[in-house]
Amino acid sequence: MPQRRSHVSTSAAQTELATALAVLREAAEASLGFPPAVLAEADSATAPQPTLDLRDLSFATLDPEGSRDLDQAFQLERTASGYTVRYAIADVPAFVVPDGAVDAEARRRGQTLYAADGRIPLHPPVLSEDRASLLAGVDRPALVWTFSLDPTGAVTGFRLERALIRSRAQLDYESTQRSLDRGEDGPASLLPEIGALRIEQERLRGGASLNLPDEEVVRAPDGTYAIERRSPLPVEEWNAQLSLMTGMAAASLMLDAGIGILRTMPEPDAEAFDTFRHQTEALGRSWTTGTYGEYLRGLDRRDPITLPVLEAAASLFRGAGYRVFDGAAPQDAVQAAIAAPYAHATAPLRRLVDRWTLTICLAVSNGEPVPGWVRDSLDELPALMQESSQRASRLNSATINTVEAALLTPLAGTTIEATVIALRGERATIQIAEPAVTATAPVPPGAKPGDVVRLRVTRADIAAGEVEFAL
């Protein structure tokens, strides 16, 4: 789906929207500020100097443009036997005192939240956007995973070390994609090659990726709000493969050690697969051969029916959770979509659980006991992460609904065209092209995904975040 922005145009709607968005953030108990004790502890936080110095290596980060909370940096090399991939992760465990004020506040927050009027960070900005962030041109402590890959992209060995690094470049997705498309040399030159090999390794494992278009509320410099929808660029998918590889390595370390926390997801049952097969048949894009991962990878992103297919496939990617273990390895250790055991280990600046994963993995790698504070608090993590994920989901959904209502306010009483994405009984999920809005609405009898229907906008309530349509 092409990138598209629709702006809230009238000043009255802008004022009402700003008020409604502030109410949403308060309802989510999402405060931008931090208590004085947390800020004081963060201001004084320092990390011990690592003994391993990797500042001679040309690491680079790759994130959305303008990001400051940089969790990962990579360094890629071709070798005689394949490739070396170094993946440096912000050393948040080195800065956060266990059971201290920053730790307690992070446990309360769970993860960074994304609101229309700014991010609500997990950690104080002095850490998340400065001292612990892998910013370019400055020395930073990091937890560096070094992978050896064979010519097919399969991992033949890896290690984890605490080291001092210096990122040489802060890359963003769009300009990096353009550079790679032009064949220019740079720190990401090997990323398409290694990323494609890792995607093939995913296929061989029987894994699957669901790359639905992103939907994000953005705020323009003039203060107006818009909804931006965009499909992930290839460079984002290649970069994600480095994170997935690291998460699988972290899971294997913890499983071997008999302690850790995994990100799990059950395999879809036969009924779910049957339902999805029937949906693909109804859409005229039948899944008849191969795994569902192979089927999804083979979809043409230019085909207008691909979005309804991906929406239908979302039902196969449900039930994800966290599985704690201390002793015997759990029976349900696999993340079905990845087709391997997996752990969250690459975003400690923005996600609470990663700090536990990295602390365990570093202790195991060094042959040291897992710290007592980790064992004592491990059982708390699934509930903390579930609560924060629910809060994030509610805030994101309510924010998008509120902005969409503001976008449609000037169109109340008019007729618009919309594309049916998915059917929900007598109602359907619809996509309006301009303004860019996704909503639910009644559809004519016999309508199917992919059809274009005409609807009348009967009500748009900004405060309630509700929009109503009629045939």
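Reducing segment 438-471 and segment 358-424 to their Cα centroids gives an inter-centroid distance of 26 Å.
Summarising the overall dimensions of segment 340-467 from its C-alpha atoms, the Rg and Dmax are 22.7, 69 angstrom.
Surface calculation, 1.4 Å probe, protein heavy atoms: V467 sits at approximately 30 Å² accessible. Put H278, H123 in order of accessible area, highest first, and with a 1.4 Å probe you get H278, H123. Stokes-Einstein diffusion for segment 75-128, with the hydrodynamic radius set to the Kirkwood value over Cα pairs and evaluated at 20 °C in a medium of 1.002 mPa s, equals 154 µm²/s. Reported value for segment 99-208: 196 Å³ per residue, from the convex hull of its C-alpha atoms.
Each principal axis of the Cα cloud of segment 384-429 was taken in turn, and the coordinate range along them, longest first, works out to 45, 27, 14 Å. Compared with the dominant Cα axis of the chain, that is its longest principal axis, helix 270-282 is turned about 50°. State in Å² the accessible area per residue of the chain; use a 1.4 Å probe, count heavy atoms of protein chains only, and round to the nearest integer. Accessible surface, normalised per residue, equals 43 Å². For the chain, the longest principal axis of the Cα atoms and the long axis of helix 234-257 meet at an angle of about 50 degrees. Going by alpha carbons, how many degrees (0 to 90, nearest 10) lie between the helix axis of 381-408 and the longest principal axis of the chain? Computed tilt is about 30 degrees.
Using C-alpha pairs under 8 Å with a sequence gap of at least 6, the mean separation divided by the residue count of segment 259-368 gives a relative contact order of 41 percent. The alpha-carbon atoms of the chain, seen along their principal axes, cover 68, 56, 48 angstrom, with the largest extent given first.
The values are calculated or read from the model by the stated rules, or taken from the named source; none is laboratory data. All figures in this text were calculated on a predicted structure; none of them were measured in a lab. The accessibility values were calculated without ligands, DNA or RNA, using every heavy atom of the protein model including side chains. Shrake-Rupley method; radii C 1.70, N 1.55, O 1.52, S 1.80 Å.
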